[in-house]
Amino acid sequence: MNQKDTSQAIHYVSQDPINQNGTALPAVIPTQAVTIPACDTLDKTTLLTSLARACHFPSYFSHNWDSAWDCLTDSDVQHLVLDLTVIKKINTEDFNIFKSIIEDAYSDFGKPQLWIIVPFENDT
């Protein structure tokens, strides 16, 4: 599902396996978006660590959800990208909390927007 509406906090973008040369996604995701590095597992620890590195959170970042919200809203980061196509295991509860933090920050401050790349689903 591709969504180009920039009036919402979270956007889902399908990664079409046929077009992996990088031409489809840049048309949708802002060029200044900061990529949150992903590994095999997505949970609170890996997500907060990757987010802190990608957004250059200050040394006082406490690696908890409240601190992540504070640092995100204090940062200059406007757009984030998270590629779920490379992740093999997702802690759904942690991921939902992360998305709610993005939505709350966007609701209060108008930033950041999160672009989530999901695997391409072929309907045929």
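Values quoted throughout were computed directly from the atomic coordinates according to the rules given, and no laboratory measurement underlies them. Treat the numbers as computed from the prediction; the structure is a model and nothing was measured. Cβ: placed from backbone, ideal geometry, glycine included. Neighbour counts: every protein chain shown.
Listing for the model above:
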{"quantity": "At R0 = 22 Å, FRET efficiency that the Cβ-Cβ distance of ILE87 and SER67 yields, to 0.05", "calculated": "0.45"}
{"quantity": "Cβ-derived FRET efficiency at R0 41 Å, VAL28 paired with TYR60, nearest 0.05", "calculated": "0.75"}
